[in-house]
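Peer 1: Quick one: the structure is below, and I'll ask about it shortly.
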Amino acid sequence: MRETLPLRPPPRPNDATMVWNGWGDPARRPGLDGRDERVLAELLGGPLPHTPSVRLEDVTLPEVTLPGPVLRRLAGIVGDGHVRTGRLARVAHATGRGYADLVRLRRGDATSAPDAVVLPADHREVQRVLEACAAHDVAVVPFGGGTSVVGGVNPQTRARPVISLDLARLEGLHHRDATSGTATFGAGTRGGDAELALAAQGLTLGHLPQSVEHATLGGFVASRSVGQASTGYGRIDDLVVAVRAATPQGTLEAGHVPSSAAGPDLLRALLGSEGTLGVITEVTVQVRPAPRTRAFAAWWVPDFASGQQALRTLAQQGLAPDVARLSDEPETRLALAQQSATARAYVRARSRRITGCLLIAGWDGQGWQVRGRRRAARQALGAVGARSLGAAPGRAWASHRFDTPYLRDDLLDRGVLVETLETAASWRELPDLYRAVREALTAALAERGTPPQVLTHVSHVYPTGASLYLTFLALAQRGAELAQWAHAKQAASQAILAAGGTITHHHGVGADHRPWYGHELGAVGALALRGLKDALDPTGICNPGILLPDP
């Protein structure tokens, strides 16, 4: 079956920017109607209050501490118009887009804002900016699309001046090697723009995280991101071929050949480095022909465990769908509650019941490849008692999968704590991990008097295990939202590590996961990472306070 629905993200104007106190373009917010509000109020146990954001002019900013001579030196490197100290520029670069970030901004707290925003044009200018900042003890926070949800772009120091190094001018397709199947982009190229440039040549990268509209290729590498079809296309780890980075010690180039045994792989060291070792300026990725066939399908699965069993079978046979999204019972129920009566009648007619879990799968490729893998999925799911729902639910998911961050803004307006976290574990450990994190979140928020809804889905599968993506919602405690959030975050993070999960599967470490990263890394691992940091950034100017555990 030929499916014409585009996998690539929605188009955006070339000058689209992130709204300072929310996500993306406010005009694209889907909005909540009265029925949505009633469903949420019933689920969360109370009315939804109106909690508006302050105005930009009422946001609190710290004084600029960057000395005038340093500002002039930076302007001499990148040009007068590309060193910005205005209110909007500083507020827009004060945080990422996690829940806690947005709560602070909406309250009017931008005390983490940098002293200046600097926009270099190329690798050479980035290198010169780093040299100047090292000479004057100025901290440098690399900034791609600003979509980090774990505090990865939030300046963590006020002990010395700090700049946000915005890489937006390092964009575009620099080179394509048609023979080798690679493409080289400026690190500031947004993911959606990269896909559009490749699509014009009949190609795709296939890396589409939910943040792709604003996130950049350099950000993908720096945070080791995962796209929504990465079960089939691979993580960015699998797709990146080479990276060029500027460090305070000079240029670091890693990768370029398909495989090498020449010592430890420095390319892998840059993956997930979050700007702490230097600034990624250029990324070479593997590309492939755009798929000729795209298909979606959905099933009712009797329960979460049997859905995992079917996905494990497919992954271990090398036949997993490119998109594999298995919702647990609570997430499935909420999805049904938000659907129309017609959609619920359709589901009831096809499945004979409104229980169980929804599984959405998607495939890309040549027609024969898609047909073969769909047959394998039908067999594996049939073996666990799943019932087919056809293609419509999968197409609906694909049409709206980039809307969720916009929906969060509507929920914040209505006083709802809404946050996500993700982890991964082996297939053996996954059931215990799922129970432990759900129980920890439920107990932690109930202790605050705000019992939550905890929704979970499997979003990526591997032969040895899978990821879990959790969303939790509760009525926010007015004036104590950050303490409420931190209490839940701490409980969930401790439960993840105790159950054998990773502290992050694809969001990155940032500042929010840093307290637990050291436990996962181990003492010797932390020592090795600190040694690499000291070698490349001896004065510690590159994104201090992010990623690395305390000595």
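Per-residue answers, yes or no, for (1) over 24 Å from G192 (Cα atoms); (2) free of Cβ contacts under 8 Å to residues at least 12 places away in the same chain; (3) touching a Leu at 6+ places or on another chain (Cβ under 6 Å):
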{"site": "A89", "(1), (2), (3)": "no, no, no"}
{"site": "T111", "(1), (2), (3)": "yes, no, no"}
{"site": "E125", "(1), (2), (3)": "yes, no, no"}
{"site": "R128", "(1), (2), (3)": "yes, no, no"}
{"site": "E131", "(1), (2), (3)": "yes, no, no"}
{"site": "A135", "(1), (2), (3)": "yes, yes, no"}
{"site": "V140", "(1), (2), (3)": "yes, no, yes"}
{"site": "V153", "(1), (2), (3)": "no, no, no"}
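Peer 1: Next up: Among what's in the range 501-551 and is acidic (D, E) and over 19 Å from the mean Cα position of the chain (by Cα), pick the residue that is surrounded by the most Cβ atoms within 10 Å (Cβ to Cβ).
Peer 2: Taking the range 501-551 first, the residues acidic (D, E) are 512, 520, 534, 537, 550.
Those left that are additionally over 19 Å from the mean Cα position of the chain (by Cα): 520, 534, 537, 550.
On the way: E520: 17, D534: 11, D537: 22, D550: 9.
Going through the qualifying residues, I end up with D537.
Peer 1: For A491, are the conditions met, namely being buried (at least 21 other Cβ atoms within 10 Å of the Cβ) and either part of a helix (DSSP H, G or I) or of a type in the set (F, W, Y) (or both)?
Peer 2: So A491 fails the test.
Peer 1: Right, something else. Going residue by residue through the range 123-137, is there one that turns out to be assigned to a loop (DSSP other than H, G, I, E, B) and surrounded by 24 or more Cβ atoms within 10 Å (Cβ to Cβ)?
Peer 2: The answer is no, given that none of the residues of the range 123-137 is assigned to a loop (DSSP other than H, G, I, E, B) and surrounded by 24 or more Cβ atoms within 10 Å (Cβ to Cβ).
Peer 1: Also, quick follow-up: Which of (1) part of a strand (DSSP E or B); (2) out of contact with any His (no Cβ under 7 Å at 6 or more places or on another chain); (3) in contact (Cβ under 8 Å) with a residue 60 or more places away in the chain is the odd one out, the single condition A246 does not satisfy?
Peer 2: (2)
Peer 1: Restricting the search to the range 380-439, which residues are assigned to a loop (DSSP other than H, G, I, E, B) and of a type outside the set (K, R)?
Peer 2: A383, V384, G385, A386, A391, F402, D403, G415, W427, E429
Peer 1: Within the range 279-337, which residues are farther than 22 Å from A386 by Cα and of a type in the set (A, V, I, L, M, F, W, C)?
Peer 2: Result: V279, I280, V283, V285, V287, A290.
Peer 1: Can you tell which of V279, V283, V287 is more than 30 Å from P155 (Cβ to Cβ) and either assigned by TED's automatic domain parsing to the domain that holds F185 or in contact (Cβ under 8 Å) with a residue 24 or more places away in the chain (or both)?
Peer 2: V287
Peer 1: Go through the range 249-264 and give me each residue that's under 30 Å from A135 (Cα atoms) and without any contact (Cβ under 8 Å) to a residue 12 or more places away in the chain.
Peer 2: Within the range 249-264, E253 is the sole residue that qualifies.
Peer 1: Restricting to the range 501-522, name every residue that is touching a Pro at 6+ places or on another chain (Cβ under 9 Å) and either free of Cβ contacts under 8 Å to residues at least 60 places away in the same chain or not in a loop (DSSP other than H, G, I, E, B) (or both).
Peer 2: Selection gives R514, P515, Y517, G518, H519, L521.
Peer 1: Quick check: anything in the range 426-444 in contact with a His (Cβ under 6 Å, 6 or more places away or on another chain) and surrounded by 20 or more Cβ atoms within 10 Å (Cβ to Cβ)?
Peer 2: Among the residues of the range 426-444, at least one is in contact with a His (Cβ under 6 Å, 6 or more places away or on another chain) and surrounded by 20 or more Cβ atoms within 10 Å (Cβ to Cβ), which makes the answer yes.
Peer 1: Can you say whether V140 is part of a strand (DSSP E or B), assigned by TED's automatic domain parsing to the domain that holds R87 and farther than 26 Å from E422 by Cβ, as far as the supplied structure shows?
Peer 2: Answer is yes for this residue.
Peer 1: Go through the residues of the range 48-68 one by one and say whether even a single one is part of a loop (DSSP other than H, G, I, E, B), assigned by TED's automatic domain parsing to the domain that holds P120, modelled with pLDDT of 85 or more and touching a His at 6+ places or on another chain (Cβ under 9 Å).
Peer 2: Checking the range 48-68: at least one residue is part of a loop (DSSP other than H, G, I, E, B), assigned by TED's automatic domain parsing to the domain that holds P120, modelled with pLDDT of 85 or more and touching a His at 6+ places or on another chain (Cβ under 9 Å).
Peer 1: Would you please list the contacts, defined by Cβ atoms under 8 Å and residues six or more apart or on different chains, that run from a residue in the range 358-382 that is of a type in the set (F, W, Y) to a residue that is surrounded by fewer than 17 Cβ atoms within 10 Å (Cβ to Cβ) and outside any strand (DSSP E or B)?
Peer 2: Pairs that qualify, where the first residue is of a type in the set (F, W, Y) and the partner is surrounded by fewer than 17 Cβ atoms within 10 Å (Cβ to Cβ) and outside any strand (DSSP E or B), are W363/Q369.
Peer 1: Of these, T85, T65, T95, which one is under 30 Å from Q477 (Cα atoms) and of a type in the set (S, T, N, Q)? Break it down into steps so the answer makes sense when it comes.
Peer 2: Values: T85 fails: under 30 Å from Q477 (Cα atoms); T65 fails: under 30 Å from Q477 (Cα atoms).
Step by step, each of T85, T65, T95 is checked, and only T95 is under 30 Å from Q477 (Cα atoms) and of a type in the set (S, T, N, Q).
Peer 1: Of all residues in the range 295-308, how many are crowded, with 16+ Cβ neighbours inside 10 Å and not in a strand (DSSP E or B)?
Peer 2: 4
Peer 1: Related question: Of all residues in the range 257-294 being charged (D, E, K, R) and more than 21 Å from the chain's Cα centre (by Cα), which is surrounded by the fewest Cβ atoms within 10 Å (Cβ to Cβ)?
Peer 2: Restricting to residues being charged (D, E, K, R) and more than 21 Å from the chain's Cα centre (by Cα), the top hit is R292.
The values are calculated or read from the model by the stated rules, or taken from the named source; none is laboratory data. Predicted model only: the values in this text are computed from it and were never measured. Here the Cβ is made from the backbone with ideal geometry for all residues, glycine too, and neighbour counts use every protein chain on show.
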